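The values are calculated or read from the model by the stated rules, or taken from the named source; none is laboratory data. Keep in mind it's a predicted model, so treat the numbers as computed, not measured. Neighbour counts are summed over all protein chains in view; Cβ atoms, including those assigned to glycine, are modelled from backbone coordinates with ideal geometry. The accessibility values were calculated without ligands, DNA or RNA, using every heavy atom of the protein model including side chains. Shrake-Rupley method; radii C 1.70, N 1.55, O 1.52, S 1.80 Å.
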Amino acid sequence: MNAPDPTYLTDAFGRRHTYLRISLTERCNLRCTYCMPAEGVELKPKSHILSFEEILRLSSLLVGQGVTKIRLTGGEPLIRKELVHLVERLRSLDGLRELTITTNGLLLPRKLEELRRAGITGFNISLDTLRKDRFEEITRRPGLDTVLEAIHRTVDAGYDPVKINCVVIRGFNEDELVDFVAMTRDLPIEMRFIEYMPFDGNTWNTGKFLPYVEMVDRIREVWPDFRSEGGDELEIAKLWQVQGFTGKVGFITSMSDHFCAGCNRIRITADGQLKVCLFGAQEVNLRDLMRDGTSDEALLEAVRSALARKAPSHAGMETIAASENRPMILIGG
Ligand code: SAM
Ligand code: SF4
């Protein structure tokens, strides 16, 4: 392959795609109600999922064309066997600057050290409540203490900030916003409040949706000096801080104030579908192309033509809620 072409992964709206999210599995050791249907998802044979060699091939091709950040997600990425070997090999890709993982944290206390040594540069740990009964209600499994241990161990290992993902659901955890913000007083974390998004089979409805502006109001009732610090480097999280606190608060406003204009992300699902928009139905089957012997050049061309069709923005909250999209666990967060 020739030297990276900075325009190769640029779409019709001038958005350069430098951030690749790869789902490693459709399986999970939790059953979050906002992510998967109550009846679970149909589990397919192992051959349905991309092998490490296939993931490495796609990653290497895309890093070769300007991708600088890869996030491993799922399902629960830490349940994928031999994950550490994949991390080591991805880390050696020339041009890759960040290699991060989003995890529910359950297996992290056990695997943190080997993942750190293998080269993971950042962790997002998901946690929606600090109350045991609510944790078991939303994830349909026990495990709160382990996730809290994972957060503290990751902080102790020197990751700064450790990002905590919290899906905010009206009537469920809205009264815990301030408890989470209180954690930023002494911990070097970025507490990220994510607007609840609709996916097939989850329990989304407009009544459960709590917009960013309302979250800010609730926090300001307790800390009037809670202030906006602007956007993160990619303007995806809106960053805020209580003055004098160590950590920050980020809001991911995918629904009330989408950040499509600056979207630099492409996704590969565990079964090898390229998605250029989290909410778009358009998928390109890279797995079958690879298994049919497609050349590197033709694979890249398939990515480029999908990007050429990428819409300027998603269709808006109500339309997304009314349209079909695979459950989040099958897309990868
Ligand atoms: N299992 C890992 C975890 O939970 O961190 C990684 C995969 S999970 C699909 C990635 C992220 O998507 C998690 O932070 C999760 O909270 C978020 N997520 C899942 N369903 C969501 C929804 N309906 N709305 C907003 N965020 C959602
Ligand atoms: Fe599993 Fe993460 Fe989905 Fe929860 S959000 S069910 S932990 S994949």
Helix-derived mean residue ellipticity, 222 nm - over the chain, DSSP H n ≥ 4, -39500 (n - 2.57), to 500 = -8500 deg cm²/dmol
Residue among C263, G158, V168 farthest towards the positive dipole end of the range 19-331, charges placed on Cβ | G158
So what are the ³J(HN,Hα) numbers for the range 123-128, from phi and the Karplus equation (6.51, -1.76, 1.60; θ = phi - 60°), rounded to whole Hz, Gly and Pro as x?
-> 10, 10, 10, 8, 7, 9
Gain on full stretching of the segment that runs from E301 to E114 - 0.36 nm per residue minus C-alpha separation | 63.7 nm
Per residue, how much accessible area does the chain have with a 1.4 Å probe, in Å²?
-> 42
With Cα springs under 10 Å, the Gaussian network model of the chain assigns the largest mean-square fluctuation among R265, R309, R21 to R309
Which angle from 0 to 90°, rounded to the nearest 10, does the C-alpha axis of helix 52-63 make with the longest principal axis of the chain?
-> 90
Order of 74-81, 293-300 by packing, highest average Cβ count within 10 Å first?
-> 74-81, 293-300
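Percent relative contact order of the chain, based on C-alpha pairs within less than 8 angstrom and at least six residues apart?
Once normalised by length, the contact order is 22 percent.
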Over the chain, what percent of the accessible surface lies on carbon and sulfur atoms, probe 1.4 Å?
-> 49
Of K275/K310; K238/K310; K44/K111; K132/K248; K163/K248, those spanning more than 20 Å from alpha-carbon to alpha-carbon = K238/K310; K44/K111; K132/K248
Please work out whether the range 167-269 counts as rounded, prolate or oblate from its C-alpha gyration tensor, where a ≥ b ≥ c are the square roots of the eigenvalues and a/c under 1.5 means rounded, while otherwise a/b larger than b/c means prolate and anything else oblate?
-> oblate
Relative to the chain, whose Cα atoms define the longest principal axis, helix 144-156 and its Cα axis are tilted in degrees, nearest 10, by 70
Working from Cα positions, state the angle (0 to 90°, nearest 10) between the long axis of helix 212-222 and the longest principal axis of the chain.
-> 30
Spit out the partnerless Cys residues in the chain, using Cβ distances under 4.7 Å as the pairing rule.
-> C28, C166, C260, C263, C277
Listed highest first by mean packing, meaning other Cβ atoms within 10 Å per residue, what order do 67-73, 225-231 come in?
-> 67-73, 225-231
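Rounded to the nearest 20 Debye, what is the dipole magnitude of the chain about its Cα centre when Lys and Arg each give +1 and Asp and Glu each give -1 at the C-beta?
500
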Contour minus Cα-Cα distance for R16 and R141 (0.36 nm per residue) | 41.1 nm
Please express the shape of the chain as an equivalent ellipsoid: the semi-axes are the square roots of 5 times the eigenvalues of the C-alpha gyration tensor, given largest first in whole angstrom.
-> 31, 22, 21
Give the Rg/Rh ratio for the range 84-228, taking Rg as the radius of gyration of the Cα atoms and Rh as the Kirkwood radius, to two decimals.
-> 1.00
Rounded, prolate or oblate: pick one for the range 22-122, where a ≥ b ≥ c are the square roots of the eigenvalues of its C-alpha gyration tensor, a/c under 1.5 means rounded, and failing that, prolate if a/b is larger than b/c, else oblate.
-> prolate
